[in-house]
Amino acid sequence: MQSQRDQEKQGLDKIRAFMGNQQLVEEVHRFFDQVLQLLGKKILILPIDDVDTSLNRAFENLEVVRRYLTSPIVLPIISGDAGLYQEVTWRAFLHRLTKESDFDSPGAHRRAVVLADDYQRKVLPLQYRLRMPSVQTYMRSKNVLLGDVGSGRVPLEMFHVWLETLLNDQTNGFENSFLPVPVWTVRSLAQVVAKVSALVPKLEQALNMNIDAKSLRQAILMPDVDPAFIDNFRQSYQGLTLTSPERERRNSREMAYSEFNARMRNRFTQTGEREDIRGLATALTDKVFIESLCEHFSFDPAAGKAYLVLKAKLAWLDSGKRVFDTPLFQPLQQSDESFDHFNTAHDLSDWKGRLKDRTLEAWLAQLPEQTILPYPVPERGMMISVRSMRQAQAFPATPQERLLFEFVMHRNFYSSSKTAAVVCIGRIFEIVILSLLRDVTVADLYRILNEAPFFSVNSLASTKTLQGDEGESDNGQDELSRDDESVDMAIVELVGQINTWRNSHALDALRVSPWLVYNVMNKTFNQAWYFNPAVPATFKVDETFENITWVAKMAFHSIWAAFGSFEKGDLYGLPEVIATVNVGRGRDFQRSDLYRQNITPFVGASSGASEFGAAVGSITYFLDDHPLKRWMDDLPYPEKAEKDDEKSSEDDSTTIEAWLMENFGSSTFRGIRDKLQKLGMPEALIKLAAFEHVFNDGRMRRYFNEAFGVKR
């Protein structure tokens with residue numbers, strides 16, 4: 001266009017004012033011909049990037065292409081958003097159709113869309129259009145290399161795997177637990193690479209060790225395990241099809257553990273090579289590096305999830321900070337204006353519905369409209385009457401039992417007219433995670449004991465929580481105070497046992513993933529509403545202590561099984577068969593789906609699973625002998641619950657009827673063949689394997705064979 005400042009130059013609009021359109025087209029063609037003669041070429045290729053960048057000129061730019069670049073010696077290559085081109089074009093036509101009158105606007109709109117379609121076909125012929133690969137395709141490419149010009153040799157695929165490992169660690173991706181790298185355009189990819197370019201030389205070391213992208217994640221997370229060992233384990237463990245007899249598959253699994261453990265005991269490692277691999281793993285916890293990437297994603301609206309995880313990693317590198325004092329585990333902190341620019345796709349509407357009339361309306365009204373990640377409803381907990389609490393105070397318990405009781409009992413809970421107490425599992429969860437991260441002190445446990453349980457209503461609400469009028473009146477809180485002398489003894493004992501346990505497993509070297517813990521938290525607190533319902537306790541007064549202490553055991557089992565459900569997977573060569581049932585009362589937890597499917601792949605001395613779990617650094621394995629669990633193993637099953645179990649013959653979580661209801665919505669085998677067929681072969685095989693893993697019953701296999709025509 002004509003420049004008003006530079007009179008020596010003439011724009012296209014001025015040229016057109018003195019020259020007919022056809023003559024101008026010929027002159028442009030002649031100009032291109034002269035350029036080709038000068039260059040000694042036969043065709044001129046004009047890459048035109050993002051015609052739509054300037055939206056107010058987008059249609060005019062397309063018009064230039066249509067009028068002046070339709071020459072046999074010119075090949076224009078236009079990139080951009082085809083949908084946006086279409087939008088710009090029909091709006092331009094609609095403006096021309098309605099410029100003088102808005103009569104029949106709906107009809108004009110339809111005609112403008114049709115005209116735009118025809119115009120796009122002319123300017124951008126369909127037969128020449130190409131759909132560009134997504135940026136994820138590039139990030140999985142072995143042909144795009146990173147490094148200095150002329151010497152770059154690190155495949156972009158390896159860089160992408162490293163970033164995925166940084167965010168996900170050992171989390172298997174099941175139940176929406178996969179966190180993608182927040183890179184959606186080539187430009188954003190280039191910016192991330194520029195931000196962390198110092199990582200490229202470290203990845204080159206992996207190439208020198210003949211580690212490919214497929215094995216890189218395993219090498220980083222398990223530097224002492226040869227990736228080939230995992231491949232061999234996978235082939236042996238999953239070598240037989242899911243339609244093979246259970247006995248043969250069990251033998252195959254035991255053989256897989258035996259061979260893997262033998263390889264690990266007899267392996268010969270090059271010290272220098274192992275140190276290079278550990279260097280890759282160390283980069284995952286390099287504070288300067290994580291700060292740099294965290295800062296980068298803090299400006300990206302689409303990177304909110306990654307930012308929360310990286311911010312939590314930084315918080316955990318600071319040993320002086322509290323474990324959950326970071327926005328990843330505190331959704332209300334995401335209402336800060338520094339989070340306003342992030343994309344949000346989840347809300348806390350469930351909180352308002354399930355906590356209505358149970359807390360201050362003013363607090364509920366202040367909840368953020370949306371959050372970056374989904375969160376469970378905070379735990380309200382089971383309310384215990386003052387009379388029951390007095391009975392529990394007098395219960396003859398050991399110091400260990402008394403401390404477990406105190407961990408789940410929260411006394412500082414006010415109703416409209418009195419003091420009351422509720423049962424919550426947040427302290428058990430916090431102690432487990434804290435013990436995985438660092439050595440525990442007596443001060444840590446006292447702080448946890450004296451504060452509201454993690455992710456309870458009381459811990460999140462800005463003031464004292466109001467409850468209804470359940471329970472009995474009380475003149476004060478003194479009668480509900482704990483037996484400090486007994487608790488003091490147990491705290492000192494537990495601290496010593498936890499730190500000894502950490503030392504025995506060398507957990508100072510354990511890297512705990514905030515993303516894994518977030519998923520475990522979500523699952524555990526969603527299940528807590530079932531085994532610790534937010535209703536007044538219904539058990540007899542003299543059974544209060546045992547029932548409340550049993551909640552601590554159910555909480556630990558739920559946490560343990562949740563870790564197993566998010567660790568078990570292809571990273572360790574294990575099949576994708578995960579139990580998702582609730583922990584239930586847990587009288588015989590080792591017979592439940594949760595234990596058999598989620599925990600036994602990493603735990604079991606006779607099968608060799610424990611040795612395997614130790615070698616791969618599984619948290620599920622480490623929790624098998626956690627001091628809290630050892631204390632809970634000796635808890636007696638509550639007498640009333642035991643009588644109820646006798647009436648129902650066995651725990652619901654292990655009955656075939658309950659399993660069928662959970663997985664197929666019916667407690668009988670009626671119609672199971674059609675349901676399996678509807679699922680399709682892959683998913684039906686998973687259901688079959690899960691069923692046979694728990695029950696010694698051949699009916700599911702029979703219906704499976706009928707559904708898919710499998711010969712017996």
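The values are calculated or read from the model by the stated rules, or taken from the named source; none is laboratory data. These figures come from a predicted structure and were not determined experimentally. When we count neighbours, we look across all protein chains shown, and the Cβ atoms used for this are built from the backbone with ideal geometry, even at glycine. What goes into the accessible areas is simple: the full protein's heavy atoms, side chains included, and nothing from ligands, DNA or RNA. Shrake-Rupley method; radii C 1.70, N 1.55, O 1.52, S 1.80 Å.
For region 559-581, a residue qualifies if it is touching a residue at least 40 places away in the same chain (Cβ under 8 Å), buried (at least 22 other Cβ atoms within 10 Å of the Cβ) and outside any loop (DSSP other than H, G, I, E, B), and the qualifying residues are Ile559, Trp560, Ala562, Phe563, Gly564, Ser565, Phe566, Glu567, Tyr572. Against the test of being of a type in the set (Phe, Trp, Tyr) and either within 23 Å of Phe329 (Cα to Cα) or modelled with pLDDT under 90 (or both), the options Phe556, Phe545 yield a single qualifying residue, Phe556. Filtered by the rule that a residue be among the basic types (Lys, Arg), outside any helix (DSSP H, G or I) and over 24 Å from the mean Cα position of the chain (by Cα), region 498-544 gives a lone residue, Lys540. Quick check on my filter: what residues within region 242-267 are closer than 25 Å to Phe708 by Cβ and either in a helix (DSSP H, G or I) or in contact (Cβ under 8 Å) with a residue 12 or more places away in the chain (or both)? The answer is Leu242, Thr243, Glu246, Arg247, Glu248, Arg249, Arg250, Asn251, Ser252, Arg253. Restricting attention to region 170-204, the residues being open to solvent by 70 Å² or more (accessible area, probe 1.4 Å), outside any helix (DSSP H, G or I) and more than 21 Å from Ser134 (Cα to Cα) number 2.
Name every residue in region 227-238 that is in contact with a Ser or Thr (Cβ under 9 Å, 6 or more places away or on another chain), in contact (Cβ under 8 Å) with a residue 40 or more places away in the chain and either within 12 Å of Arg278 (Cα to Cα) or open to solvent by less than 50 Å² (accessible area, probe 1.4 Å) (or both), in order of residue number. Show your work before the answer.
If we filter region 227-238 for residues that are in contact with a Ser or Thr (Cβ under 9 Å, 6 or more places away or on another chain), which is where we start, we get 227-228, 230-231, 236-238.
Next, only the ones that are in contact (Cβ under 8 Å) with a residue 40 or more places away in the chain stay: 230-231, 237-238.
Selection gives Ile230, Asp231, Tyr237.
If we scan region 77-97, do we find a residue that is open to solvent by 80 Å² or more (accessible area, probe 1.4 Å), under 30 Å from Gln23 (Cα atoms) and either assigned to a strand (DSSP E or B) or in contact with a strand residue (DSSP E or B) (Cβ under 7 Å, 6 or more places away or on another chain) (or both)? There is at least one residue in region 77-97 that is open to solvent by 80 Å² or more (accessible area, probe 1.4 Å), under 30 Å from Gln23 (Cα atoms) and either assigned to a strand (DSSP E or B) or in contact with a strand residue (DSSP E or B) (Cβ under 7 Å, 6 or more places away or on another chain) (or both). When Asn343 is tested against (1) out of contact with any Pro (no Cβ under 6 Å at 6 or more places or on another chain); (2) more than 20 Å from Trp162 (Cβ to Cβ); (3) of a type outside the set (Val, Ile, Thr), exactly one condition is not met: (1).
Give the residues of region 640-664 that are modelled with pLDDT under 75 and open to solvent by 40 Å² or more (accessible area, probe 1.4 Å), sorted by residue number.
Of the residues in region 640-664, the ones modelled with pLDDT under 75 are 640-655, 658, 662.
Across region 640-664, the qualifying residues are Lys640, Glu642, Lys643, Asp644, Glu646, Lys647, Ser648, Ser649, Glu650, Asp652, Glu662.
Considered as a group, the residues in region 205-214 that are assigned to a helix (DSSP H, G or I) and buried (at least 18 other Cβ atoms within 10 Å of the Cβ) include one that is modelled with the highest pLDDT, and that residue is Ala213.
All of (1) buried (at least 21 other Cβ atoms within 10 Å of the Cβ); (2) closer than 28 Å to Trp162 by Cα hold for Leu355 with one exception: (2).
Taking region 675-708 only, how many residues are at pLDDT 85 or above and part of a loop (DSSP other than H, G, I, E, B)? Number satisfying all stated conditions: 0.
Which one of these is surrounded by 10 or more Cβ atoms within 10 Å (Cβ to Cβ), closer than 30 Å to Phe59 by Cβ, in contact with a Leu (Cβ under 6 Å, 6 or more places away or on another chain) and of a type outside the set (S, T, N, Q): Val144, Val135, Val154? Every option except Val135 fails the conditions. Among the residues of region 26-50, those identified as touching a residue at least 40 places away in the same chain (Cβ under 8 Å) and either touching a strand residue (DSSP E or B) at 6+ places or on another chain (Cβ under 6 Å) or under 30 Å from Val88 (Cα atoms) (or both) are Val28, His29, Phe32.
Only a single criterion out of (1) part of a loop (DSSP other than H, G, I, E, B); (2) open to solvent by 50 Å² or more (accessible area, probe 1.4 Å); (3) at pLDDT below 80; (4) not aromatic (Phe, Trp, Tyr) is not satisfied by Asp224, namely (3).
Annotation for region 261-280: no member residue is within 21 Å of Lys142 (Cα to Cα), open to solvent by 20 Å² or more (accessible area, probe 1.4 Å), modelled with pLDDT of 90 or more and not aromatic (Phe, Trp, Tyr). Within region 28-63, if we keep just the residues that are within 19 Å of Leu115 (Cβ to Cβ) and either buried (at least 17 other Cβ atoms within 10 Å of the Cβ) or β-branched (Val, Ile, Thr) (or both), the residue that is nearest to the chain's Cα centre (by Cα) turns out to be Asp52.
On the basis of being in contact with a Pro (Cβ under 8 Å, 6 or more places away or on another chain), among the charged types (D, E, K, R) and modelled with pLDDT of 90 or more, does Glu157 make the cut? Full working, then the answer.
Details: in contact with a Pro (Cβ under 8 Å, 6 or more places away or on another chain): no; among the charged types (D, E, K, R): yes; modelled with pLDDT of 90 or more: yes.
Considered against the rule, which asks whether it is in contact with a Pro (Cβ under 8 Å, 6 or more places away or on another chain), among the charged types (D, E, K, R) and modelled with pLDDT of 90 or more, Glu157 comes out as no.
The listed residues are Leu115, Leu167, Leu130, and the only one of them that is over 30 Å from Leu199 (Cβ atoms) and either open to solvent by less than 40 Å² (accessible area, probe 1.4 Å) or assigned to a loop (DSSP other than H, G, I, E, B) (or both) turns out to be Leu130.
For residues in region 450-495 being in a loop (DSSP other than H, G, I, E, B) and at pLDDT 90 or above, which is farthest from the chain's Cα centre (by Cα)? If you could, list the steps in order and put the result at the bottom.
Start the filter on region 450-495 by keeping residues that are in a loop (DSSP other than H, G, I, E, B), which leaves 451-455, 461-477, 481-483.
Next, from what is left, pick out any that are at pLDDT 90 or above: 451-455.
Values: Glu451: 28, Ala452: 26, Pro453: 24, Phe454: 20, Phe455: 18 Å.
Within region 450-495, the match that is farthest from the chain's Cα centre (by Cα) is Glu451.
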